[in-house]
Amino acid sequence: MARILHPSPLILGRSALGTALLLTAAACHPPRNGLAVWRPSPNFNARRPQMVVIHHTAEKSFDAALKILQTQNSGGPVSSHYLIGRDGRLAQLVSDDHRAYHAGGGTWGPYRDLNSLSIGIELDNNGFEPFAQPQIEALIVLLEDLTRRFSISRTQILGHADVDPIRKQDPNATFPWKLLAERGFGLWPDKILANPPGEFDPWMAMKVIGYSLKDPAASLRAFHLHYHSTESGELDDLDRRILFNLQAKFLETLH
């Protein structure tokens, strides 16, 4: 009967370690097609977000929102890259390099498929209450990090209602857009507003800064939510002056 030779624990340990390292290395590589010979080129880059979309969770607690974002709601799987609690705690749910399910069919200017082009941030808020100061401070720190790392324009900080005005109303009317602007984030009008010339088209200006005109009434409601903290009202002279100012500011960012 042949003697069975058992490898020593040291050899087994080294073998297991080697296997683990190989598996780790394989997991770090991008997907490769087994039909082709891998001849890598350095001429590529990772997904680069173009904007940040802010949401409120419309849930009663951080944990309730987290559970939905890790599973699904009645409409199917939903996620965001970050969730910020009322107390300022910050959770990351999806890698910045990956596509989260948060923007649905939203659009902004020439951009479509916003899930592929944006970072989604959910704020723990029931949809009606004011946003807590620690939460907003944590949001500002996060925005500073994201805009710096991904070279996202600081004007491209948007609400879910801005990019999907027909279906969405978040973040709610208490969200402090002006405070964010004072800290350097978002497009915001000057205190002193000039009167636009007679030929100025406010609807075209709304389209220039990014709003879809598929449903003008819905877009105006989203615009008022963002800049007047109310969803009601007709387009008036103040809106015309704000849009004239915002259009000029936005066009300056293109140069």
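The values are calculated or read from the model by the stated rules, or taken from the named source; none is laboratory data. Bear in mind the structure is a predicted one, so any value in this text is a computation, not a measurement. Heads up, the Cβs are rebuilt from the backbone with ideal geometry, glycines too, and the neighbour counts pull from every protein chain shown.
One table, with the values for the structure above:
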| quantity | calculated |
| --- | --- |
| Residue that is farthest from the chain's Cα centre (by Cα) [pool: residues in the stretch 135-156 that are β-branched (V, I, T) and more than 10 Å from L90 (Cβ to Cβ)] | I136 |
| Helices (runs of 4 or more DSSP H) lying entirely in the stretch 169-244 (those with 3 or more residues that are farther than 14 Å from I157 by Cα) | 202-209, 216-228 |
| Residue list for the stretch 184-211, restricted to those being under 18 Å from I54 (Cβ atoms) and in contact with a helix residue (DSSP H, G or I) (Cβ under 6 Å, 6 or more places away or on another chain) | F185, G186, L187, W188, I209, Y211 |
| The stretch 136-178, residues that are touching a residue at least 60 places away in the same chain (Cβ under 8 Å), surrounded by fewer than 21 Cβ atoms within 10 Å (Cβ to Cβ), under 14 Å from L123 (Cα atoms) and among the polar types (S, T, N, Q) | Q169 |
| Residue list for the stretch 39-55, restricted to those being outside any strand (DSSP E or B) and either modelled with pLDDT of 80 or more or of a type in the set (D, E, K, R) (or both) | R39, R47, R48, P49, Q50 |
| Residues of the stretch 224-255 that turn out to be under 15 Å from W177 (Cα atoms) and either assigned by TED's automatic domain parsing to the domain that holds P110 or touching a Pro at 6+ places or on another chain (Cβ under 8 Å) (or both), as a count | 3 |
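Listed here are the residues, each with its yes/no results for (1) surrounded by 14 or more Cβ atoms within 10 Å (Cβ to Cβ); (2) in contact with a strand residue (DSSP E or B) (Cβ under 9 Å, 6 or more places away or on another chain); (3) at pLDDT below 95.
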{"site": "M206", "(1), (2), (3)": "yes, no, no"}
{"site": "A217", "(1), (2), (3)": "no, no, no"}
{"site": "E231", "(1), (2), (3)": "yes, no, yes"}
{"site": "E234", "(1), (2), (3)": "no, no, yes"}
{"site": "N245", "(1), (2), (3)": "yes, no, no"}
{"site": "A248", "(1), (2), (3)": "yes, no, no"}
{"site": "E252", "(1), (2), (3)": "no, no, yes"}
